[in-house]
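Enquirer: Below is the structure I would like to discuss, written out as structure tokens.
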Amino acid sequence: MSEAVQTMFAAIAKRYDLANRLLSCGRDVAWRRASLRMLEGQPRRILDLACGTYDFAIDALGAGKAVQVHGADFCLPMLQAGEAKRARHAITATNGDALHLPYADGSFDVAMVAYGWRNFDDKLAALRELKRVLKPGGQILILEFFRAESLWPRLFHGTFGRFGIPVIGGLISGDRAAYRYLYTSIKGFLSVSEATALITEAGFAKQRWRSCFGGISHAVVARIPD
Ligand SMILES: C[S@@+](CC[C@H](N)C(=O)[O-])C[C@H]1O[C@@H](n2cnc3c(N)ncnc32)[C@H](O)[C@@H]1O
């Protein structure tokens, strides 16, 4: 699956930011920023996994949440599409895979993932890899579209997500299939309660959840126990 995901993001990379802003009416920006406010303390080094075109990394710096952010993504065209933005900030980057991060144990204070976890082949292994590269007491921050269980998000994803997004996303990016994948990947993903259990199984504690737009998107912060 990961090769297909890589090819898909490569095909939409140049129009990715524009499609995000239009499809979410700019809400994606607000959701990233609200999730960053959930982080505790003054982290210094942040890993932004599945960083794409660096929006989350830039917001983390803008919010004063880090001195330095390191982005990682396995799709080089996504990193290239964001390169002009990256170069204006204290952000370094690696073209690498979530399941084999090229960093020593205990390298970061925070590891965050916005709309990337859904795409990883092995969800639990990815959490364990994030835990490995965090310092003791480090935090994960995950922002995602989880499989909807209550009425409003099910309605939203089942109508706009299923029919509207592929049409609009297809017109903007020229790749309707990529935006159909958004719907199918959410439908096949974990629910919030399943994600809660997996995060605990990976060894994180003190989970705090935030729901955005009535449960369309969720953010969770959790810690490695000291
Ligand atoms: C929906 S985009 C999110 C980008 C960015 N975080 C944001 O908020 O806009 C998902 C990103 O995850 C990356 N990705 C998916 N699977 C990955 C993996 N196994 N390792 C690294 N990056 C991955 C894709 O290349 C893509 O850039």
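The values are calculated or read from the model by the stated rules, or taken from the named source; none is laboratory data. What you see is a predicted model; the values in this text were computed from it and never measured. Don't worry about glycine lacking a Cβ; one is built from the backbone with ideal geometry, like all the others, and counts go over all protein chains shown. Surface accessibility is based on the protein's heavy atoms, side chains included, excluding ligands, DNA and RNA. Shrake-Rupley method; radii C 1.70, N 1.55, O 1.52, S 1.80 Å.
Enquirer: Which lysines, on any chain, are close to Lys187 with Cα under 16 Å apart, when same-chain ones fewer than 8 places away are left out?
Expert: Partners found: Lys123.
Enquirer: When ranked by the protection proxy of mean other Cβ atoms within 10 Å per residue, highest first, what sequence do the peptides 65-71, 185-191 form? Please list the in-between numbers first.
Expert: Values: 65-71: 21.4, 185-191: 15.4.
Going by the mean number of other Cβ atoms within 10 Å, highest first, we get 65-71, 185-191.
Enquirer: All other residues with a Cβ under 14 Å from the Cβ of Thr200 taken together, and with Lys, Arg as +1 and Asp, Glu as -1, what is their net charge? Let's see the in-between values first.
Expert: Numbers: positive: Lys123, Arg128, Lys131, Lys206, Arg208, Arg223; negative: Glu194, Glu201.
With Lys, Arg at +1 and Asp, Glu at -1, the net is +4.
Enquirer: Could you grab the relative contact order for the chain? Cα pairs under 8 Å, six or more apart, rounded to a whole percent. Show your work: numbers first, answer last.
Expert: Numbers: 410 pairs, mean separation 46.4, N = 226.
So the answer I get is 21 percent.
Enquirer: Further question: Pick out, from Phe163, Gly203, Cys51, the residue whose Cα sits farthest towards the positive end of the charge dipole of the range 2-223, with +1 on the Cβ of Lys and Arg and -1 on the Cβ of Asp and Glu.
Expert: So the residue furthest toward the plus end is Phe163.
Enquirer: Ala63: net charge of surrounding residues, Cβ under 11 Å, Lys/Arg +1, Asp/Glu -1, itself excluded? Before the final figure, lay out each step's value.
Expert: Details: positive: Arg32, Arg33, Arg37, Lys65; negative: Asp59.
Surrounding charge for Ala63 is +3.
Enquirer: Follow-up. Between Ala34 and Trp209, what is the spin-label point distance in nm, taking each point 7 Å from the Cα along the Cα→C-beta axis?
Expert: It works out to 1.5 nm between the two label points.
Enquirer: For Ala63 and Asp105 in the same chain, what is the full-extension length gain: residue separation times 0.36 nm, less their Cα-Cα distance, in nm? Show your work: numbers first, answer last.
Expert: Working: separation 42, 0.36 × 42 = 15.12 nm, distance 2.62 nm.
Residue separation times 0.36 nm, minus the Cα-Cα distance, leaves 12.5 nm.
Enquirer: To continue, here is another question. Can you give the percent of C-alpha pairs in the chain whose distance is more than 25 Å? Walk me through the intermediate numbers first.
Expert: Working: 8844 of 25425 pairs.
So the pairs more than 25 Å apart make up 35 percent of the total in the chain.
Enquirer: Among the aspartates and glutamates, select those whose C-alpha is under 12 Å from the C-alpha of Lys206, and discard any that sit fewer than 8 residues away in the same chain.
Expert: Once the sequence-local aspartates and glutamates are set aside, what remains near Lys206 is Glu40, Asp226.
Enquirer: Let me ask something else about it. What's the extension gain from Ala84 to Thr200 if we count 0.36 nm per residue and subtract their Cα-Cα distance? Don't skip to the answer; put the middle values down first.
Expert: Values: separation 116, 0.36 × 116 = 41.76 nm, distance 3.77 nm.
Once the chain is fully extended between Ala84 and Thr200, it gains 38.0 nm.
Enquirer: If you rank Asp226, Asp109 by how much accessible surface each has, with a 1.4 Å probe, what is the order from largest down? Mind showing how you got there, number by number?
Expert: Details: Asp226 165, Asp109 35 Å².
Largest accessible area first, the list is Asp226, Asp109.
Enquirer: So which GluC sites (Glu not before Pro) in the range 123-226 pass both tests, a DSSP loop state and at most 16 other Cβ atoms within 10 Å of the Cβ?
Expert: Sparse-neighbourhood loop GluC sites (Glu not before Pro): Glu149.
Enquirer: I want the local charge near Ala30. Using Cβ-Cβ distances under 13 Å, sum +1 for each Lys or Arg and -1 for each Asp or Glu among the other residues. Before the final figure, lay out each step's value.
Expert: Values: positive: Arg21, Arg27, Arg32, Arg33, Arg37, Arg210; negative: Asp28, Asp55, Asp59.
Within the 13 Å Cβ shell, the charges total +3.
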